[in-house]
Amino acid sequence: MSRLIAVYNDDNKLMEAADQLVEMNAPVEEVVTPFVIEELLAKFHVKSNIPLLAFFYGVVGISSVLAALYYTFVISYPLNIGGKPSFSLTFPVLMFIGTVLITVLSTVVTFFYQDRLKPGKKLDFEYPGMNDDKMIVLIDKSKINADMESKLRDMFAKTGAEKVEVVE
Amino acid sequence: MEKRFIFSKKLQTISFVLILIGIITGVLAYMHDGNRFWANILFSNYFFLILTLGALFWMALQYIAEAGWSSAFKKVPQSMGAYLMPAMLVMFALVFFGLKYVYPWSNPEGHIEDYSKYPEFKEILAIKAPYLNNTFFIIRTVIYFLVWCGTAAILRKLSKKEDADKSQALKWFEKSRFYSKVYIFAFALTFIFAGFDYLMSLEPFWYSTLFSIKELISGFYHASAMIIIILFFMYKKGYFPFMNSSHWHDFSKYVFMGSILFAYAWYFQYMLIWYGNIPEEGEYYFLRRFHFSQDLFTLNIIINFFLPFIILLPNKLAKNPKVLVSVAFLVLAGLFLDVYLSVFPPLVHSFEGVEHSHPVFGLYEIGIFLGFLGIFLFVVFKKLSKEKYVLPINHPYLEESVLHHNVH
């Protein structure tokens, strides 16, 4: 897969380029940055559904833990522990821990699924310094025509990209 | 930007009227029933004392975390810290004149009838006497006074120096950071004992090692709500024109987090005592739930945890200042209820005309509380108006706070 990439070393310049990219409606495949830039997500209107899903997992988690506790402690095998009721006030402790566990694990699995990540996955794209201080805009070359490409190249040069090149 | 807070005539009149109401109802209560008067003094004073200490803790926390976004608002909690002086003066009045009305250990003979159901009454108090006696209690109150007011005064002085001198601002900031650590350490260490002294020793037979922690958390939580209310009032008057939804959102995070922390502290104390099932410990909750009021007991955790938690969970509501202020008022009502449930249940039976332990709430409770509210408002706003500027103009993080903007 051949890509047009623009390498930046300053996030302010990258922000300028991002504005232009949104304006030009360019098919941006990915922007690789060494640290999280939240404004970038807002600019490209990338919305994550993970917070909502995490809430949903939390609801599922708390109810399933409660159901499991209720089944084991009340229905299946009620024990008399110091005369306390079987449906006990200590449940919230286990419910809390169980909810956190289920929510965290499910959220991680969802994240891996959404980003097509798995253990031992090979990198789609490599560039020297991409984990260091370089911010890279990736554009799928098959989705743009020659006219668009020259426009993009101009824009990248104007906004101060360190390097603009085509990589395989 | 370089604006001074103006303590308007209207606000002064309101606080004076509140103080006047407090004085009148206080005198009436004192003539009618000494026990009820001193119980109310302890209740109202403790309410504002814990808010004051919590506000200073809030400010110290911003310093040690080097939080940038909150630096513009630091004068508000700092001015709330000015109430420490009147609060401790009232505590001294209570300690010197009202001790025997409120604390059963200071006057075992006076309460012997109430505690006749405990044959070991005198024996237990004799064991606890080395700690719970009038002289040591006064000494401890003096120590709290010195430690709290001393550290608060140092922080205020450093803030004043920072305002006056731009070239040395970073040096005063670093010093403030250091004394914030001192405050947090000293406050935590002394408040563990203060919570024991002022509230827990109302029932000298009962003790819980978790009680003071819960009170400490409650102070931090409810103080952040109080800071929001004062800030909203000032925002409406036009003092923080740069405030946006990001600021409100960050304030709401404190209330949200505080509600969870409070519920945690409330629950671990309750659950451990419930599970331990030791009569000496269970007595505390037995009195509140089965003699005093089960409804109020349940309401406490609902308005201190469930409602703020659910209301502030959606992003949009948490960013809305009006919703946030309503929640802050709700949370302060929660503190009112929480302190009420700590102070009144063991004391009501000593009030005049009260046979059994049940909620007593009338003119005296409202009036004396309003009086203290008046003093609190007057002291805080007076202190704020004495500051040269509302914003800490030489604070190294001020710009970050003014330009603060969160994407989400």
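The values are calculated or read from the model by the stated rules, or taken from the named source; none is laboratory data. Remember, predicted model here, so these are calculated numbers, not experimental data. Heads up, the Cβs are rebuilt from the backbone with ideal geometry, glycines too, and the neighbour counts pull from every protein chain shown. Side chains are part of the model used for accessible areas, which takes the heavy atoms of the whole protein and leaves out ligands, DNA and RNA. Shrake-Rupley method; radii C 1.70, N 1.55, O 1.52, S 1.80 Å.
Computed quantities for the displayed model
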{"item": "Residue count, the range B:257-280 (criterion: within 14 Å of chain A (Cβ to nearest Cβ) and either touching a residue at least 12 places away in the same chain (Cβ under 8 Å) or closer than 25 Å to B:Ala333 by Cα (or both))", "result": "13"}
{"item": "Any pair with Cβ under 9 angstrom, 6 or more apart, that starts in the range A:65-80 at a residue that is farther than 14 Å from A:Met95 by Cβ and ends at one that is assigned to a helix (DSSP H, G or I)", "result": "A:Leu79/A:Phe73"}
{"item": "Helices (runs of 4 or more DSSP H) enclosed by the range A:34-138 - at least 3 residues per element that are away from chain B (no Cβ under 14 Å) and not hydrophobic (A, V, I, L, M, F, W, C)", "result": "A:50-70, A:91-114"}
{"item": "Residue check, B:Leu330 modelled with pLDDT of 95 or more and either crowded, with 17+ Cβ neighbours inside 10 Å or under 30 Å from B:Ser246 (Cα atoms) (or both)", "result": "yes"}
{"item": "Among (1) within 22 Å of the chain's Cα centre (by Cα); (2) at positive phi, the one test that B:Asn277 misses", "result": "(1)"}
{"item": "Residue that is nearest to B:Phe240 (Cα to Cα) [pool: residues in the range B:377-408 that are touching a residue at least 12 places away in the same chain (Cβ under 8 Å) and among the basic types (Lys, Arg)]", "result": "B:Lys388"}
{"item": "Tally, over the range A:1-54, of residues that are over 20 Å from the mean Cα position of the chain (by Cα) and of a type in the set (Asp, Glu)", "result": "4"}
{"item": "Among the candidates B:Val76, B:Val90, B:Val102, residue that is surrounded by 23 or more Cβ atoms within 10 Å (Cβ to Cβ), over 21 Å from B:Leu332 (Cα atoms) and not polar (S, T, N, Q)", "result": "B:Val102"}
{"item": "Residue in the range B:376-408 that is farthest from B:Ser252 (Cα to Cα), counting only those that are of a type in the set (S, T, N, Q) and buried (at least 18 other Cβ atoms within 10 Å of the Cβ)", "result": "B:Asn394"}
{"item": "Output for the range B:220-251, where each listed residue is more than 22 Å from B:Asn315 (Cα to Cα), among the aromatic types (Phe, Trp, Tyr) and open to solvent by 20 Å² or more (accessible area, probe 1.4 Å)", "result": "B:Phe233, B:Tyr239"}
{"item": "Answer residue from the range A:6-33, given it is in contact with an Asp or Glu (Cβ under 7 Å, 6 or more places away or on another chain) and not in a strand (DSSP E or B) and is surrounded by the fewest Cβ atoms within 10 Å (Cβ to Cβ) among those", "result": "A:Pro27"}
